[in-house]
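Report on the following structure.
The values are calculated or read from the model by the stated rules, or taken from the named source; none is laboratory data. Worth saying up front: this structure is predicted, and the values here are computed from it rather than measured. For neighbour counting, all protein chains shown are included, and Cβ atoms are generated from backbone atoms with ideal geometry for every residue, glycine included.
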């Protein structure tokens, strides 16, 4: 039983049941002793000199105790049921502040670390917990801000030297071996790409990207974007399989969505194997893009990427309004991107 609410309910109910059972057993034992061991005497008003002496037989004792037990069951079962409902109500109210704190925590992200939790009530334990969590969030915000600033500064500092190195290699390419010049250019291009990606991630996580949302006919957009990747997949003996209805229209920033798809598909080509699948599911108010591929088996000598491609995808998705990203990796790598649909488009359920 994982729910704290149900554990509290069970604890309260079992405690009450133990107490009530103990009282019933004690009363039954005492009554049994009185009926079996003690004798009774009675006097009558009509004959004051007469005194009646007597005791109960075993059959009479059993009948009396049986009737008493039945009465206790008849009264006790409804009382225990009522106590169970009451315990659940109390437990639910007791964990309500915890649920409220959890709800506030679930809304925090890289761009909302400046927000602080609000104590749902004046309960001292919950208030102390909220205060400690807010202190942790303050330290986390400070560290995250410093990291973002450092990343931005380093990326800016590297852009100029890399550009100067490229210019110097181009100027002195005649005196260098062609293979060496080509290798240096490729490495510089790769480093420049990392720097530009780091800058984009920093801007996105700081909420400083300028986005222009527009209505995009998704099929035409995908046809233009996926043409290059279809050729790259074909060159590796693989296929990029996709389909989309002509009436699907999404609200998104064209360059941001193109960059997201570029990184997801590049990751699929580089780290996956087999066919790459792209599915489009149109709902009433949203459009889901699912990109999936079978993951390649890693060898001891295989190089592992830096992971900045997927981090860029997550940063861009968080920056875009009404856009959600989900990644699942269990033998088959799936990326699900949820985009807002244009309200004027007619839903087409596939």
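Note on the stretch 206-231: residues that are in contact with a helix residue (DSSP H, G or I) (Cβ under 6 Å, 6 or more places away or on another chain) and assigned to a helix (DSSP H, G or I) amount to 2. The single condition among (1) surrounded by 14 or more Cβ atoms within 10 Å (Cβ to Cβ); (2) closer than 26 Å to residue 269 by Cβ; (3) touching a strand residue (DSSP E or B) at 6+ places or on another chain (Cβ under 9 Å); (4) at pLDDT 85 or above that residue 258 does not meet is (3). The single residue among 91, 155 that is in contact with a helix residue (DSSP H, G or I) (Cβ under 9 Å, 6 or more places away or on another chain), touching a residue at least 40 places away in the same chain (Cβ under 8 Å), assigned to a helix (DSSP H, G or I) and closer than 30 Å to residue 16 by Cβ turns out to be 91. Residues that are part of a loop (DSSP other than H, G, I, E, B), surrounded by fewer than 14 Cβ atoms within 10 Å (Cβ to Cβ) and touching a helix residue (DSSP H, G or I) at 6+ places or on another chain (Cβ under 7 Å) are absent from the stretch 277-293. Of the residues in the stretch 169-191, at least one is within 36 Å of the chain's Cα centre (by Cα) and either at negative phi or in contact (Cβ under 8 Å) with a residue 40 or more places away in the chain (or both). Quick check on residue 252: is it more than 16 Å from residue 288 (Cα to Cα) and either assigned to a helix (DSSP H, G or I) or assigned by TED's automatic domain parsing to the domain that holds residue 333 (or both)? Here the answer is no, as residue 252 does not meet what is asked.
Of the residues 325, 290, which single one is assigned by TED's automatic domain parsing to the domain that holds residue 250, at pLDDT 80 or above and within 24 Å of residue 230 (Cα to Cα)?
On the way: 325 fails: at pLDDT 80 or above.
Every option except 290 fails the conditions.
Considering only residues in the stretch 177-220 that are touching a strand residue (DSSP E or B) at 6+ places or on another chain (Cβ under 8 Å) and either modelled with pLDDT of 80 or more or more than 30 Å from residue 340 (Cβ to Cβ) (or both), the one that is surrounded by the most Cβ atoms within 10 Å (Cβ to Cβ) turns out to be 218.
Which of the residues belonging to the stretch 243-255 are crowded, with 19+ Cβ neighbours inside 10 Å and either out of contact with any strand residue (DSSP E or B) (no Cβ under 9 Å at 6 or more places or on another chain) or more than 17 Å from residue 312 (Cβ to Cβ) (or both)? Within the stretch 243-255, 244, 248, 249, 250, 251 qualify. State yes or no: is residue 233 over 26 Å from the mean Cα position of the chain (by Cα), in the same structural domain as residue 155 (by TED's automatic domain parsing), farther than 27 Å from residue 151 by Cβ and surrounded by 15 or more Cβ atoms within 10 Å (Cβ to Cβ)? No; evaluated as a whole, the condition is false for this residue.
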